[in-house]
Amino acid sequence: MSDIHSTTIRTLSRCICIITGASKGFGRALAHQVSHYMKPGSVLLLVARTRTLLQELKEELQSFTGNQSLVVHCVTADLSTRDGVNETVSAARQQSSNEIDHVLLINNAASLGNISPFTNFTNLDQVNSYLSFNVSSPLALTAGILQVFPPRAGLRWSVVNCSSIFAVQTMPSWVLYCTGKSARVMMFRVLAAEEPNVKVLSYSPGPLDTEMQKDILRLTGIRNNVFPCKESAAKLMKVLLDDEFTSGSHLDFFQL
């Protein structure tokens with residue numbers, strides 16, 4: 001694939017982009033990438049639980065891009081709760097009167113969960129809590145944003161599901177994580193089948209230099225060869241700008 005910085009200027013058009021889990025790690029890197037390719041009048045909606053980190057990111061974006069016409073809103077919300085999902089949809093609705101050409105929703109927020117043998121998961125509340133945040137929440141959020149911006153001809157609609165190799169590959173003692181990631185892939189394939197005007201992509205960003213990898217090392221002793229978040233974010237951005245992927249497909253960092 002050719003380099004993202006080509007002589008042909010490509011953009012995300014006048015876009016509203018919603019990124020969950022935006023305050024750090026891969027979500028933060030994506031915010032930086034996206035901000036460079038949004039036309040004047042675009043809106044970037046950053047969603048996470050930590051207000052101070054979101055505000056720091058907002059200031060970084062406005063300082064680095066020089067795009068003074070880019071509107072950045074921070075939504076401090078816990079997406080494991082109904083209120084958090086509703087607050088995010090409400091924040092998007094406040095921007096629905098803006099003239100936009102493209103809706104881009106990046107479902108990045110997720111958690112590792114308990115790494116433990118299958119037979120240890122007898123606590124239904126524990127399992128439901130994990131699946132609520134990692135499966136039910138992105139489903140409800142995506143459905144809500146779709147209602148705010150109904151898909152139609154002439155409006156570009158893109159949904160990204162931040163996935164994992166463990167959506168398609170099993171790993172002993174990772175039943176929660178594998179189940180959540182696999183369910184999300186199928187969930188967004190259904191959306192792709194239902195909505196011909198929505199381009200849907202599940203993207204596995206690869207092992208990244210994030211707090212999750214530190215948790216994996218601490219809990220399992222597994223040390224992965226990690227990559228900078230900005231490297232994977234740049235690959236995803238190129239895929240979105242090229243816009244040649246099949247809706248509903250699952251792409252991996254190492255395939256690109």
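This table checks each residue for (1) touching a residue at least 12 places away in the same chain (Cβ under 8 Å); (2) touching a Gly at 6+ places or on another chain (Cβ under 6 Å); (3) farther than 24 Å from Ala143 by Cα; (4) among the small types (Gly, Ala, Ser).
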position	(1), (2), (3), (4)
Ser173	yes, no, yes, yes
Met212	yes, no, yes, no
Asp215	yes, no, yes, no
Arg218	no, no, yes, no
Ser232	yes, yes, yes, yes
Leu240	yes, no, no, no
Q: Sort out which residues of segment 75-92 are out of contact with any helix residue (DSSP H, G or I) (no Cβ under 7 Å at 6 or more places or on another chain) and open to solvent by less than 50 Å² (accessible area, probe 1.4 Å), and write them in order of number.
A: Gly84, Ser90, Ala91
Q. Within segment 76-129, can you find the residues that are under 15 Å from the mean Cα position of the chain (by Cα) and part of a strand (DSSP E or B)?
A. Val103, Leu104, Leu105, Ile106, Asn107
Q. Within segment 93-121, how many residues turn out to be touching a helix residue (DSSP H, G or I) at 6+ places or on another chain (Cβ under 7 Å), within 22 Å of Lys39 (Cβ to Cβ), buried (at least 16 other Cβ atoms within 10 Å of the Cβ) and not hydrophobic (A, V, I, L, M, F, W, C)?
A. 0
**Q.** Condition broken by Val135, with the remaining ones in (1) of a type outside the set (Asp, Glu); (2) more than 19 Å from Ser80 (Cβ to Cβ); (3) in contact with a Gly (Cβ under 9 Å, 6 or more places away or on another chain); (4) surrounded by fewer than 21 Cβ atoms within 10 Å (Cβ to Cβ) satisfied
**A.** (2)
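The values are calculated or read from the model by the stated rules, or taken from the named source; none is laboratory data. Source: prediction; values computed, not measured. For neighbour counting, all protein chains shown are included, and Cβ atoms are generated from backbone atoms with ideal geometry for every residue, glycine included. To get the accessible areas, we keep the full protein, side chains included, count just its heavy atoms, and leave off ligands, DNA and RNA. Shrake-Rupley method; radii C 1.70, N 1.55, O 1.52, S 1.80 Å.
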